[in-house]
Amino acid sequence: MVNAKPKDLALHVLEKLKHSKLSLPIPPMVILEELFETLFFASMRTEESDLIKVTVTLIDPENPDPRPPREVVAERWSVIRFDQHMEFTIKNLVKLSKASDPSTTSLAVYYNQEGGLYIWGMIDQAIHYQSFLNYESESGSEQPGLFQVLVNDIGTLDVLFDYELLARLKQNVLIPRYLDVFTIGPVSKILKANAGHLKEELKGFLKSEYPEEDFADWESFADGLWIQTLSRLLLRVQNYHHGGGILITNNEEDIDIKYKIYYDRLKLAVSKYAKESINNYLAEWLIEDHLASGKRSITKDWYLEQSRSLFSREQIADEIKGCISFLASHTCVDGVLLFDADMISKGFGAVLKAKKSPRKIYISPTATATPKSLVPTDPLHFGTRHRSMISYCWNYPGSLGLVISQDGDIRAFHRIEDKLIMWENIKTQQFLKSRKLKKNK
């Protein structure tokens, strides 16, 4: 939705909340509109020359934790109350933003009977939420309150319900959903095909170490791990706010690589991580099955293998994180970061020299790029970085181009038969559908 305002975001969120299964009260439209308007205009302010970045959680101070779990994990959130409530104003948000890094903290906000919003505390342990969204942890912690609103750029609001992105207002554009192109559709098929070497390695590993295991049970795990790795790389590039391009192709024609390298450590680390994940899962399963059968003890070897594989997997996870950071930094140099299909970096600062460009490209509003949904547009409407990627992917079918704008937008390019397809508003974070929200009838 173009020419959108905070009021449009409020209407969209209200409609979503009306279909929730929560017993919590749903705030009226006037409260949502004031909440989003205040945050929207606060995002345009600066404090000590820094843009405002803050997260707020709509949570009732009279009943902040209505259904606590039986077993509370150590890293679960808690609310730290202020001795006095503060009015929910742009001025107070700007001041508090310096003490509430959105990667670790959220401001607790609610409204009174007169319809006035106020800030009444701060919520800690938000770092675990962000880590899960960015694929840096395998489990997500329970989220407090009704929903969260993240402000991380000028005029940009993200509204999250549990781990589901309800909507994003980006200046004057309302984005109700992001395309999951890495899970379904043509882009997903390319990435799953590129994970072929990983799947072949796992087939051989299972045949050698666990011949009773069926590879079909692990294929989706391998695909997911490969896609997750690329998503993490894109998220890291977004955080630089520099913009950049990533090209995945086995063809190096019409590419002038300024800084040539051969970096296969990420590929090797992902393979090691997958194998140790299998080792750890099967060791844990063996122990649990043994104890469930009524046995009261396990052999030392089983315990040692379970502990060894877990420790090794955690070490390799750190290695992968380092590889991703290393590669993402290369996009800060003008030019393209070049990968082959196996995710081996061939260099960076690459210039794409293909000249022939299609007369039209086609924007796909769906991940599957169904022909009836495609919207034709002129490639000249885009900047130099986008046009060079369009020309290359048009001239060399099979290539997958990804362009990250300075404002964080990601677009994917791939040729399908006689059409160059572009996908935008691509999902990179680990957003999950909430079971507390019903589908609209």
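May I ask for the Kirkwood hydrodynamic radius of segment 1-138, worked out over all distinct Cα pairs and given in angstroms to one decimal? Spell out each step's value before the answer.
Numbers: mean 1/r = 0.0609 Å⁻¹.
One over the average 1/r among Cα pairs gives 16.4 Å for segment 1-138.
Working note: Karplus 6.51/-1.76/1.60 with θ = phi - 60° gives segment 51-59 the couplings 5, 6, 10, 7, 10, 10, 10, 7, 8 Hz, where Gly and Pro are set to x. Heavy-atom accessible surface of segment 134-208, averaged per residue, reaches 38 Å², computed with a 1.4 Å probe.
Largest mean-square fluctuation among Pro27, Pro371, Pro61, in a Gaussian network model of the chain whose springs join Cα atoms under 10 Å apart, belongs to Pro371. Each Lys and Arg Cβ is given +1 and each Asp and Glu Cβ -1; about its Cα centre, segment 1-155 then shows a dipole of about 280 debye.
Along the axis of the charge dipole computed for segment 73-161 (Cβ charges of +1 for Lys and Arg, -1 for Asp and Glu, origin at the Cα centre), the listed residues Val159, Val94, Leu146 are led at the positive end by Val94.
Does segment 144-300 come out rounded, prolate or oblate, given a ≥ b ≥ c as the square roots of the eigenvalues of its C-alpha gyration tensor, rounded meaning a/c under 1.5 and, failing that, prolate meaning a/b above b/c?
Details: a/c = 2.57, a/b = 1.35, b/c = 1.91.
It is oblate, given that a/c is not under 1.5 and a/b is not larger than b/c.
Of the beta bridges DSSP finds with both residues in the chain, what % are antiparallel, to the nearest 5? Antiparallel bridges make up about 85 percent of those DSSP assigns within the chain.
Using equal-weight Cα scatterers in the Debye expression, the normalised intensity of segment 262-406 in log10 at q = 0.11, 0.13, 0.15 Å⁻¹ is -0.65, -0.77, -0.88. Distances between placed amide hydrogens fall under 5 Å for Gln143 paired with no residue 5 or more residues away or on another chain.
For the chain, what is the calculated [θ] at 222 nm in deg cm²/dmol (nearest 500), taking -39500 (n - 2.57) for each run of four or more DSSP H residues and dividing by its residue count? Please list the in-between numbers first.
On the way: 10 runs with 160 residues, N = 441.
Estimated from H runs of four or more residues: -12000 deg cm²/dmol.
Rg and Dmax over the alpha-carbon atoms of segment 11-73 stand at 15.7, 45 Å. Counted over all Cα-Cα pairs of segment 327-401, pairs farther apart than 20 Å make up 40 percent.
Here Lys356 is the anchor, and the lysines within straight C-alpha reach of less than 23 Å, apart from those fewer than 8 places off in the same chain, are Lys258, Lys419.
Using the Cα gyration tensor of segment 148-200, with a ≥ b ≥ c the square roots of its eigenvalues, what is the shape: rounded (a/c below 1.5), prolate (a/b larger than b/c) or oblate (neither)? It comes out prolate by the Cα gyration axes. Remark on Phe88: its backbone amide H falls under 5 Å from those of Leu117, Tyr118, Ile119, a criterion applied only to residues 5 or more positions apart or on other chains, H modelled at 1.01 Å from N. If you bin every alpha carbon distance in the chain into 20 Å steps from zero, what whole percent lands in each bin? P(r) over the chain, rounded to whole percents: 22, 51, 26, 1. Here the 3J(HN,Hα) profile of segment 239-254, calculated from phi with Karplus coefficients 6.51, -1.76 and 1.60 at θ = phi - 60°, is 5, 6, 6, 9, x, x, x, 10, 10, 10, 7, 9, 10, 9, 5, 6 Hz, Gly and Pro shown as x.
If only the Cβ of Lys and Arg carry +1 and only the Cβ of Asp and Glu carry -1, the dipole of the chain around its Cα centre is close to 1260 debye. Among the listed pairs Lys192/Lys272; Lys5/Lys53; Lys53/Lys346, which have their C-alpha atoms separated by more than 25 angstrom in this model? Listed pairs above 25 Å: Lys53/Lys346. Positive end of the dipole of the chain (Cβ unit charges, origin at the Cα centre): among Tyr135, Tyr362, Gly204, the Cα lying farthest that way belongs to Tyr362. Accessible area per residue for segment 10-129, computed on protein heavy atoms with a 1.4 Å probe, is 55 Å². Remark: segment 239-299 carries 60 Å² of accessible area per residue (probe radius 1.4 Å; ligands, DNA and RNA excluded). Using a simple spin-label model with pseudo-atoms 7 Å out from Cα toward Cβ, Ile127 and Ile363 lie 4.0 nm apart. When the chain is treated as a Gaussian network with alpha carbon springs shorter than 10 Å, the biggest mean-square fluctuation among Lys53, Lys355, Lys300 belongs to Lys300. For Phe82, the residues whose modelled amide H falls within less than 5 Å of its own, excluding neighbours fewer than 5 places apart on the same chain, are Gly121, Met122. Of the residues Val72, Val270, Val187, the one that moves most in a GNM of the chain with alpha-carbon contacts below 10 Å is Val72. Summarising the label geometry, the points placed 7 Å from Cα in the beta-carbon direction at Gln171 and Glu201 lie 4.2 nm from one another.
Given axes a ≥ b ≥ c from the Cα gyration tensor, I'd like to know whether segment 265-331 is rounded (a/c under 1.5), prolate (a/b larger than b/c) or oblate. Provide the component values of the computation, followed by the final result.
Details: a/c = 4.34, a/b = 3.71, b/c = 1.17.
Because a/c hits 1.5 or more and a/b exceeds b/c, segment 265-331 counts as prolate.
When the chain is described by a simple charge dipole with +1 on each Lys and Arg Cβ and -1 on each Asp and Glu Cβ, the residue from Phe431, Leu282, Val270 located farthest towards its positive end is Phe431. The spacing between segment 76-147 and segment 204-277, judged by their C-alpha centroids, is 35 Å. Give the average over all directions of the projected area of the C-alpha convex hull of segment 61-168, one decimal, in nm². It is 7.9 nm². Rg over Rh for segment 242-296 works out to 1.37, both radii taken from alpha-carbon positions and Rh defined as the Kirkwood radius. 3J(HN,Hα) along segment 302-319: 5, 5, 5, 5, 5, 5, 4, 5, 5, 5, 5, 5, 5, 5, 5, 4, 5, 5 Hz, from the Karplus curve 6.51 cos²θ - 1.76 cosθ + 1.60 with θ = phi - 60°, whole Hz, x for Gly and Pro.
The values are calculated or read from the model by the stated rules, or taken from the named source; none is laboratory data. Owing to the predicted nature of the structure, the values given are computational and were not obtained by experimental measurement. For neighbour counting, all protein chains shown are included, and Cβ atoms are generated from backbone atoms with ideal geometry for every residue, glycine included. All accessible areas refer to the heavy atoms of the entire protein, side chains included, with ligands and DNA or RNA removed. Shrake-Rupley method; radii C 1.70, N 1.55, O 1.52, S 1.80 Å.
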